[in-house]
Amino acid sequence: MPNLSGKHIVLGVTGSIAAYKAASLIRLLVKAGAEVQVVMTAAAKEFITPLTLSTLSGRPVLCDFFDHSDGTWHSHVELGLWADLFIVAPATASTMAKMAYGIADNLLVTCYLATRGRVYIAPAMDLDMYRHPSTIASAARLREMGATILEAEEGELASHLIGKGRLPEPEEIVRRIEEDMDKATTLTGKQLLITSGPTYERIDPVRFIGNYSSGRMGKALAEQAIRMGAEVTLVTGPAQVLPTPHERLRVIRVESADEMLEACRSVTSYQIAIFCAAVADYKVAHPEEQKVKRESRPSMTIELVPNPDIAALMGKEKDKEQIHIGFALETHLDLEQVRDKMERKSFDLIVANTLEDEGAGFGTDTNRVTLLSRDGSIERSLPLMDKEQVALEILNTLPQLS
Ligand code: C5P
């Protein structure tokens, strides 16, 4: 297990019946070469003793901000900075909600807030608690802030109810973390240019022609690429959503297709470009300087002229080493037409979807896509999945394209 060797891990243990599994988890992490510092909540101590966990980790377990016997201060900031990885296993609904909203009333949550390392959260709770909108919202918010949620498993729960909510076995937790960390370096040193969102084409100072693109696919791609180690420049139209800020993410906000093209051309070096934006095909030939008054015109005709095709122009200018990925949203999926688009726009990979599929396309959280590479080595229809998973599938094809 080379990934975890030498890593500093803060393991947060919270008050779930599954806290007993923390003992095996510590053994596996230590065996893999990691240094483990356990932080427990008060409730966790009801389920497993600090003595067991400190013996296995070889370090005193921390529960409070200071030691009641001698007043020694336990610095959450120092601990947070020490941690390469912050793992909470098992994580209760309460701790997840506190982490999601920064309610730092115990050492574990303050430590989480001070952590710069990667965060993994393994929830464990009863099935109704697990599927409660509050828990789902906490998990979504934590994910948005960069944490990886290790989904609970199905099975018999402490309540004897059968359902989702079981903490995965410690071996499985370690495997998932290692797998995730492997991915974390696959794009290290790579620079990505991603276009996202709609474009707004100005009619007058208060009106525009736009489209329903939300920017969710671009957000998912940017965040996933960052997780995989890339440096990302996101050129985005006025999208509803933006990726979580990160030191390796630069966001250039634009409004129109012309501005988007200019911004893309200003990105002087990149190895991979993903053209995810829903660029308006037309712009207004003569935008008005002043707001058009209804009274002044009984009817109005707007002349439209074609916008630049950003992907096609950038495709003409690209060098052989640069990889371009594009999207094709069609009413019906016609693979011949998709291949034709790939040629015209010099895409190395195209992500095709149709408006016929429920849950696919604009404004949804999910998408159902077919991936086609120019050289024919990839032709894969994926099932309906989250845009985050679609992003991962797209980025995972990169080694096959270069
Ligand atoms: O031709 P169509 O709009 O279907 O092409 C879609 C692909 O081309 C997407 O990857 C989109 O981001 C890109 N595109 C672009 N500039 C345009 C139109 C589309 O970059 N003006």
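The values are calculated or read from the model by the stated rules, or taken from the named source; none is laboratory data. Nothing here was measured: the structure is a model prediction, and the numbers come from that model. Every residue, glycine as well, gets a Cβ built from its backbone with ideal geometry; the counts of neighbours run over all protein chains shown. Please note that ligands, DNA and RNA were not included when accessible areas were found on the heavy atoms of the full protein model with its side chains. Shrake-Rupley method; radii C 1.70, N 1.55, O 1.52, S 1.80 Å.
Values for this structure:
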| quantity | calculated |
| --- | --- |
| The stretch 8-183: relative contact order in percent, alpha carbon pairs under 8 Å with at least 6 residues between | 22 percent |
| Stokes-Einstein translational diffusion, the chain - Kirkwood Rh over all Cα pairs, 1.306 mPa s, 10 °C, in µm²/s | 67 µm²/s |
| Neighbour-limited loop hits for chymotrypsin sites (Phe, Trp or Tyr not before Pro), the stretch 193-286 (at most 15 other Cβ within 10 Å; DSSP other than H, G, I, E, B) | 212 |
| Percent accessible area from carbon and sulfur atoms, the chain, protein chains only, probe 1.4 Å | 51 percent |
| 3J(HN,Hα) from dihedral phi, the stretch 289-296, Karplus parametrisation 6.51/-1.76/1.60, rounded to Hz, x for glycine, proline | 6, 10, 4, 6, 9, 4, 4, 6 |
| Gaussian network model of the chain, Cα within-10 Å springs - most flexible of 302, 136, 173 | 302 |
| Of all DSSP beta bridges in the chain, antiparallel share, percent nearest 5 | 30 percent |
| Per-residue ³J(HN,Hα) for the stretch 72-84, Karplus 6.51 cos²θ - 1.76 cosθ + 1.60, θ = phi - 60°, Hz, x for Gly and Pro | 4, 7, 9, 7, 5, 5, 4, 5, x, 6, 5, 6, 7 |
| Convex hull of Cα atoms in the stretch 191-401, direction-averaged projection (nm²) | 12.5 nm² |
| Share antiparallel - DSSP beta bridges, the stretch 249-379, percent rounded to 5 | 45 percent |
| P(r) histogram, all alpha-carbon pairs of the stretch 133-262 included - 5 Å bins from 0, percent | 2, 9, 14, 16, 15, 12, 10, 8, 6, 4, 2, 1, 0 |
| The chain - accessible surface per residue (Å², probe 1.4 Å) | 49 Å² |
| With all protein chains modelled, accessible area of residue 94 [1.4 Å, Å²] | 70 Å² |
| Residues whose placed amide H lies under 5 Å from that of residue 235, excluding near-sequence neighbours | 194, 195, 196, 252 |
| CD proxy at 222 nm, helix term only [per DSSP H run n ≥ 4: -39500 (n - 2.57); per residue of the chain; nearest 500] | -9000 deg cm²/dmol |
| Percent of C-alpha pairs per 5 Å bin, the stretch 8-183, short to long | 1, 9, 19, 23, 23, 15, 7, 2, 1, 0 |
| Lys pairs, the stretch 1-131 - Cα-Cα below 20 angstrom, 8 or more residues apart or on other chains | 4 |
| Qualifying GluC sites (Glu not before Pro) for the stretch 291-396 [loop in DSSP, other Cβ within 10 Å: at most 11] | 303, 321, 358 |
| For the chain, built as a Gaussian network whose Cα springs stay under 10 Å, the top-fluctuating residue of 164, 293, 316 | 293 |
